[in-house]
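Working notes for the structure below.
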Amino acid sequence: MGSTPAPLRPREQWILAALAEAPLHGYGLLERVESLSAGAVRPGPATLYRTLNSLSERALIEVAAVESQGDRTRTIWRITRHGRTTLTAEVERLRTTTERIRQALESAGS
Amino acid sequence: MSPRLPWIFRVVLRAYPSRFRTAHGSEVAEVITSRLAHARSAGGSLALAYVTLLVDLVVNLPLEWVSAGRRTQRRRLSSTLLPDLRISLRRLRRAPGFTAAAVLSLGVAIGGTTLVYSLVRTVLLDPLPYPESERLFVVGELRDGERVSVAWPNFRDWRDGVTTAELAAFGRSSMNLTGDGPAERLRGLRVTPNLFDALGVAFQLGRSPEAPGEVVLTHAIWANRYGSDPAILGRSIQLDGTGWTVTGVLPPGIEFPDGVVLGASDIYTSIEPVPADFENRGSHPGLAVVARLHSGRTLVEARSELDALAHSLALEYPDTNGRSAVVVQDALTVVSGSLRRPLGFLGGAALVLLLAAIGNVAGLGLTRAVARSGEWGLRRALGAGTHQLMRQVGIEYLILGVTATLVGVCGAMVLLPRLVAWGPIAQMGISGRIGRPDIALALALGAVATALVATPPLFRALTATRVTPGARRATSPVRTRESLVAGQLALATVLLVVAATLGRSLMQINAVDGGIRPANVVAFRVALPEADYPDEGEVSAFFAQLQERLEALPGAGSVGGISTLPFSGSGSQSGIRTLSDPAADPLRTDVNVVDGDYFTAAGVELVRGRLLSDADNAEAPPVVVVDETFAARMWPDRDPLGRSITGWGFQSAEVVGVVRHVKNYGVTRPSREELYVSHGQRAYRSMWMLVRGETSAHPAPMIRAVINDIDPNLPIASFRLMDEVVASTVSEVRLATGLGLALAALVALIAVIGLRSTAAYGVQLRVREFGIRMALGSESGRIRRQVLQRSALVTGAGILVGLGAALITTRVIESLVFGVPRIDPTSFGLAVAVIALVSVAAGDGPARKAAACDPAATLREE
């Protein structure tokens, strides 16, 4: 992966953030993302799993375990070390961005 | 899948790619059902939840298929392309002969073509370092049909009268630079202030020289001598002992090689105010005129305008302009004129090389394809599709093509600097660099060549039929290959004929007596500045001392000086008459001042009378030595000795000796009658000194030491070996001959490799037949003869076609050929002999192999 990864989509940021707290399966992840984002992000199931696919292809998350209960299987996802650094970098990028915008607003207001 | 999932969701989910369904299907279904249950129990809008979930599922469906497609593609690439690449590489490694032959022939051909194209591009297409150089043209004066330099008043009248273009004039004037480092002889030009505007050169610093005492430096002098000092403008520098103010610095890359419109120069000074003798319309003080067409105007318009001006000047000044005419040439033609033919020939030769290489590799590949048709048939029978076979063949040729192109481009990059440093090219001042257009051409050539050589094997793979193992090999393309080889041999014959003709012509040129013996002679120029050597006595004393010191050098033979170096491409002329017929038209004669033992040093033979000596000084009566052509022209059938001439400032001077004629402008070019005067009777400040050595050892360091000892402020311009000076007059012929021979040899080599492998292949196909025939009592000698006959037939056909083509092709080099007829039987014979001999040698190996096949082994196999 490159030293400056492409910015993450909001949905991806929230999923990584939720997984940064603890490994989760799909349904748990949906709930956690919704509560973390205070209801702002509510991905549909297809969107969620496609996003998970995409994140795992980029090695940002990985499968921690596959739980089987009768005919039901649940995949537990966790964040990778690379995912964690990418998310940290993303947070930093967002912070600088908001900081600059705030400064611009302030100087415009004064 | 959960049974509680509504059917519409089930249908959509089933439409997802199977990979997604297996990995996430049950979880997606679980999420959907829990969401729906949650909506129902929470009392919210069930319909909204329903729609939201459905939209999510439907919208993601095509997106997932796209991602799935991308994943499959990536997987296919790594799962089939890489193994195919590996297999192809392994196959190529297992056939090192084929691989090496293919890569080398294509590489050499692509590299050679790129190299020649690069030369053609720099010389013919893009030789001038000025913007819109196609609008530049050169104006010259003709007098009695002979090119002379432009008279200043004529230039002035043209400049003021012309509306279609801006005219600028310049003339050579070298100066000695002293101070701020060792003394240096600088090549200089005196220019009209608008010259740089006309050429389109923007200054790096400052502006044009406009007044006397102002000087512009080239970037190289500014950088090397003054360390790129940004404060150089306004600074005073010492030129010929007086102070000059720097007004400008040119950008880099404007220091053109000799002969390119301006000629190499280090400094530029203002030509105005012109010296008094410039105002004489009959004086031609070495001025050249370059012009830039105003936008929207054409060369034809400029030419008719200048013709009209010249005509009215001729009416106005019949004495000086009555027999003058004006000549207008576009600058590109002037620069590349003499190189057009040789480079055209070389371009054609490179193309031939490329064609031969393509033919060869195609032939080799076809053989290989036929040899593999058994394997391919087997693979087809086992279920391989034609596209798989074709892909593998395609990859193989792609590897070959890419490698060959790389080899060619790298080779060209390595060779070009060496090539342009090679005598004939270096003397023409071509700068060589493989640029972007050249690389683009190489890539295009590589692609086309690869496509061409891959076509026959690809076609074979396409038509590969399922065969049962053990079936005999399919019919052979021996005939096709033989005609390819014959074609290559024909091309090789043409090139060899042309190269041999050029080579013989060069030998003729070298055998011509130029009038001097240039071996082991070193020449250098000494110019004494007027500020340091104000009177003639000091000038004479300097040259006398120099002469004495140089003669004392170890290994030095005769030493002498001359005002214009023979074979250097320039001359100084004056009109001379005999005293007995002063009313006759003067004869335009090359006039020269000589000093010391010039004639002995240069190897100019005395025919009659005596040479000039130190005794012919200012106090003695004026005497001259003339050459045999002058004597024959002035006094046919009469003894020239004791007769007198007038002209070049002499009221009367007696002829005391006759020397051999020197072909001053090169042995292949016309020359003029010659006249020599002693330095003692006409002291020149600027002389070329010639030192004849006993060996070819270069005495430059010793000569520098001597001059530094006599006058440390006196710079010496570059040393020149006389045989190089002489050789430079025929550099076009040497260039065409050298490169032509090299290309001809390469084509011949490629053709011979083709011949040998074809013969070997033919033998391989018939080894069974030969074995059986030998078992039945046929002699091995007969079989060998038969194989050789086949090679000879192919060779003969190639040679015949080649000779026919050569009869036409030699027309291209007609202008380069000297002393040899254009259709030269010796060259034709030579080329035929070489091709025939080499072909027989190449065919002999396979023939021996055929003769040596073991009948017992064949019978056992049967």
Two-site label geometry, B:Arg433 and B:Arg90: point separation in nm, points 7 Å out along Cα→Cβ: 4.6 nm
Selected from B:Ala101, B:Ala499, B:Val594, residue furthest toward positive end of dipole (the protein assembly as shown; charges at beta carbon): B:Ala101
Signed unit charges on C-beta, dipole axis of chain B, positive-most listed residue B:Gln651, B:Pro62, B:Met722: B:Pro62
Stokes-Einstein D for segment B:320-393, Kirkwood Rh over Cα pairs, 10 °C, 1.306 mPa s (µm²/s): 89 µm²/s
Cα gyration tensor, chain B - rounded (a/c under 1.5), prolate or oblate: oblate
Likely footprinting exposure, B:Thr22, B:Thr164, B:Thr113, fewest C-beta neighbours within 10 Å first: B:Thr22, B:Thr164, B:Thr113
Cα centre as origin, Lys/Arg/Asp/Glu Cβ charges: segment B:75-152 dipole, Debye: 1220 debye
For chain B, size of Cβ-based charge dipole, Lys and Arg +1, Asp and Glu -1, in debye: 8420 debye
Cβ-based exposure ranking for B:Cys853, B:Cys410, in which fewest neighbours within 10 Å come first: B:Cys410, B:Cys853
Counting all C-alpha pairs of segment B:25-136, share separated by more than 19 Å (%): 75 percent
Fewest-first sequence of B:Trp688, A:Trp14 by Cβ atoms within 10 Å of each Cβ: A:Trp14, B:Trp688
Rounded to 10°, Cα long-axis angle of helix B:152-161 versus longest principal axis of chain B: 50 degrees
Computed magnitude of the charge dipole of the protein assembly as shown (debye, nearest 20; Cβ of K, R +1, Cβ of D, E -1): 8600 debye
Kirkwood hydrodynamic radius (C-alpha pairs) into Stokes-Einstein, segment B:706-819, 20 °C and 1.002 mPa s, D in µm²/s: 108 µm²/s
Relative contact order of chain B, pairs being alpha-carbon contacts under 8 Å that are 6 or more residues apart, as %: 15 percent
Computed log₁₀ I(q)/I(0) - Debye formula, equal Cα scatterers, no solvent, segment B:195-314, q 0.11, 0.17, 0.19, 0.23 Å⁻¹: -0.50, -1.01, -1.15, -1.38
Projected-area average for segment B:326-367 over all orientations - Cα convex hull basis, square nanometres: 3.5 nm²
Per residue Cα convex hull volume in Å³ - calculated over segment B:279-354: 142 Å³
At R0 = 45 Å, FRET efficiency that the Cβ-Cβ distance of B:Leu142 and B:Ala833 yields, to 0.05: 0.40
Tail weight of P(r) past 25 Å, computed on alpha-carbon pairs of segment B:437-577, percent: 69 percent
Positive-end extreme of charge dipole, the protein assembly as shown - chosen from B:Pro457, B:Gly234, B:Pro318 (charges on Cβ): B:Pro457
DSSP bridge pairs, chain B: antiparallel proportion in percent, nearest 5: 80 percent
Separation between Cα centres of segment B:802-821 and segment B:101-126, rounded to whole Å: 23 Å
For the protein assembly as shown: span of alpha carbons on each principal axis (Å, largest first): 134, 113, 59
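No value in this document is a laboratory result; all are computed from the given coordinates. This is a predicted model, so every value here is computed, not measured. Virtual Cβ from ideal backbone geometry, glycine too; neighbours counted across all protein chains shown.
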